[in-house]
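Working notes for the structure below.
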Amino acid sequence: MLDPLQAVKMAFGSIGSAKLRSSLTTLGIIIGVAAVIANVSLGASFNQFFNDEIGAVGSNFIVIYSQNTNVFFDNELELIGNTPGVVGVSPINQQMAQVTYLSTSRQIDIQGVNEDYSEVANFEMKEGTFLTDKDQFVAVLGEEVALDKFDKKISSKNPIEITFRREDGGVVTQKFIVKGIVKDPETTFAQTGVEPEIRIFIPIDVMNGILGVDYYGGFFVKAESLETVRSTGDEIDKRLARNLGVSGRDLDDDDTKPYTIFDQVEILEDTNQLSSALTTLLTSVALISLIVGSIGIMNIMLVTVTERTREIGLMKSLGFSKKDILTLFMIESVVVGLIGGVIGTALGLGAAVLVNNFLELPNIFPVSQIGIGFVVSILVGLIAGVYPANKAANMDPVDALRKE
């Protein structure tokens with residue numbers, strides 16, 4: 001019986017005797033495995049990137065808003081605040097208004113919020129502090145507003161003037177003192193509409209008083225944990241629908257409700273599906289290289305069988321069994337695939353690091369997927385070597401020895 005260690009040595013000897021041919025044979029496996037590993041890693045990195053981006057704009061958040069006025073009032077605010085699983089809720093109103101600092105005026109988005117907004121939105125203060133429910137005519141500015149929108153930088157305790165337009169057509173200008181600057185979260189994900197860097201935040205009671213309204217445009221809610229976001233959001237949806245006269249049978253019909261509700265989990269699922277679909281597409285294309293590589297291994301092994309016909313005949317005459325010959329050629333094929341897998345994995349990881357760094361993505365390398373790359377390369381070599389190995393094992397020793 002052929003010693004497995006001896007078979008491996010013979011396989012490396014055969015591969016080493018035709019270095020150029022063996023290198024070209026493994027090239028298809030190297031490219032295929034490298035492409036698969038790189039794409040899987042990039043997919044995982046994009047998933048983590050999206051998760052980080054969404055996490056930067058809010059913590060376990062649920063967003064509720066309406067395109068109509070006179071939908072949400074204090075009653076709805078109290079209802080949401082008393083919903084099990086809710087740990088924070090801020091009503092929101094917003095208006096694009098003229099902001100004047102020194103002699104410069106700009107159109108800035110003004111948002112009326114309460115003190116819970118900072119916690120829900122994961123705000124990090126660059127300077128000063130955020131609003132409290134006891135504050136009156138104070139404002140918190142986004143970093144971009146404070147540093148870039150005006151001719152001179154705005155700091156805490158500086159006065160600004162905001163000119164609001166009321167629903168009755170009147171115009172009201174009010175002086176506010178800057179209480180703090182919100183640090184730019186440096187996220188490119190704007191689906192929630194938070195984007196604190198380009199906004200100014202003032203107490204919502206003050207804003208509603210200036211505008212002469214008593215309703216809210218929506219709510220920004222924080223659930224106890226990411227795991228309870230979906231159940232908490234569903235419970236809020238049921239309570240709001242019942243309170244606003246939406247029947248139970250129309251609860252799942254968004255067109256019948258005077259508001260829209262979505263949560264962090266929903267956004268994560270959408271972005272992960274998009275990322276997974278892209279990764280699957282790219283990986284499927286990369287698998288074509290593995291198929292090409294397997295064909296290359298099969299071709300080279302068939303050539304090897306033909307070239308080593310007399311050697312096969314001699315081995316059989318010396319007592320090597322059909323199983324020994326089959327094992328020898330299968331091992332040689334697997335070794336070719338494994339070498340391609342090792343080199344391809346290294347190149348794939350290197351390519352992923354380069355692309356991640358260029359795109360400023362986190363470097364995520366799923367160990368299980370890298371392991372699959374090794375297994376696939378071995379399987380490719382194994383499958384590609386079955387036919388040539390079987391052909392060599394079934395050779396008649398007499399005919400093989402007669403081969404010129």
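The values are calculated or read from the model by the stated rules, or taken from the named source; none is laboratory data. All values reported here derive from a predicted model rather than from experimental measurement. Methodologically, a virtual Cβ is constructed for each residue, glycine included, from the backbone with ideal geometry; neighbour enumeration extends over all protein chains shown.
Name the single residue that is nearest to Lys157 (Cα to Cα) among those in the range 80-128 being more than 32 Å from the chain's Cα centre (by Cα) and either surrounded by 20 or more Cβ atoms within 10 Å (Cβ to Cβ) or among the hydroxyl-bearing types (Ser, Thr, Tyr) (or both).
Residues of the range 80-128 more than 32 Å from the chain's Cα centre (by Cα): 82, 95-107, 128.
Then drop every residue that is not either surrounded by 20 or more Cβ atoms within 10 Å (Cβ to Cβ) or among the hydroxyl-bearing types (Ser, Thr, Tyr) (or both), which leaves 97, 99-101, 103-105.
Working: Ala97: 20, Val99: 16, Thr100: 15, Tyr101: 12, Ser103: 17, Thr104: 18, Ser105: 18 Å.
Step by step, filter the range 80-128, then rank; the result is Tyr101.
Could you tell me whether any residue of the range 258-277 is more than 32 Å from the chain's Cα centre (by Cα) and over 21 Å from Ile92 (Cα atoms)?
No, every residue in the range 258-277 fails to be more than 32 Å from the chain's Cα centre (by Cα) and over 21 Å from Ile92 (Cα atoms).
Across the range 251-282, which residue is modelled with the highest pLDDT among those that are loosely packed, with under 13 Cβ neighbours inside 10 Å and charged (D, E, K, R)?
Top of the filtered list is Glu269.
Can you list the helices (runs of 4 or more DSSP H) found entirely within the range 289-401 that contain at least 1 residues being in contact with a Gly (Cβ under 9 Å, 6 or more places away or on another chain) and either within 23 Å of Leu42 (Cα to Cα) or at pLDDT 70 or above (or both)?
322-359, 367-393
So, in the range 90-142, exactly how many residues are touching a strand residue (DSSP E or B) at 6+ places or on another chain (Cβ under 7 Å) and of a type in the set (Ser, Thr, Tyr)?
Within the range 90-142, residues that are touching a strand residue (DSSP E or B) at 6+ places or on another chain (Cβ under 7 Å) and of a type in the set (Ser, Thr, Tyr) number 6.
Answer yes if at least one residue in the range 61-75 is part of a helix (DSSP H, G or I) and modelled with pLDDT of 80 or more, and no otherwise.
Yes: the range 61-75 contains one or more residues that are part of a helix (DSSP H, G or I) and modelled with pLDDT of 80 or more.
Being more than 24 Å from Asp52 (Cα to Cα), of a type outside the set (Lys, Arg) and not in a strand (DSSP E or B) is true for just one of Val206, Val145, Val172. Which residue is that?
It is Val206.
Does Ile154 fit the bill of being crowded, with 19+ Cβ neighbours inside 10 Å and in a strand (DSSP E or B)?
Spelling it out, it is not the case that Ile154 is crowded, with 19+ Cβ neighbours inside 10 Å and in a strand (DSSP E or B).
So which residues in the range 129-172 are in contact (Cβ under 8 Å) with a residue 60 or more places away in the chain and of a type in the set (S, T, N, Q)?
Gln136, Thr163
Let's see how each residue does on (1) among the aliphatic types (A, V, I, L, M); (2) assigned by TED's automatic domain parsing to the domain that holds Asn122; (3) out of contact with any helix residue (DSSP H, G or I) (no Cβ under 6 Å at 6 or more places or on another chain); (4) closer than 20 Å to Gln67 by Cα:
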| residue | (1), (2), (3), (4) |
| --- | --- |
| Lys152 | no, yes, yes, no |
| Thr163 | no, yes, yes, no |
| Val182 | yes, yes, no, no |
| Leu240 | yes, yes, yes, yes |
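Output the qualifying pairs, or none if there are none: Cβ atoms under 6 angstrom, residues six or more apart or on different chains, first residue in the range 194-215 and more than 18 Å from Thr129 (Cα to Cα), second residue of a type in the set (Lys, Arg) and surrounded by fewer than 20 Cβ atoms within 10 Å (Cβ to Cβ).
Listed by first residue and then by second, the contacts come to Leu211/Arg166; Gly212/Arg166.
Name every residue in the range 86-121 that is touching a Pro at 6+ places or on another chain (Cβ under 7 Å) and over 12 Å from Asp205 (Cα atoms), in order of residue number.
Ala121
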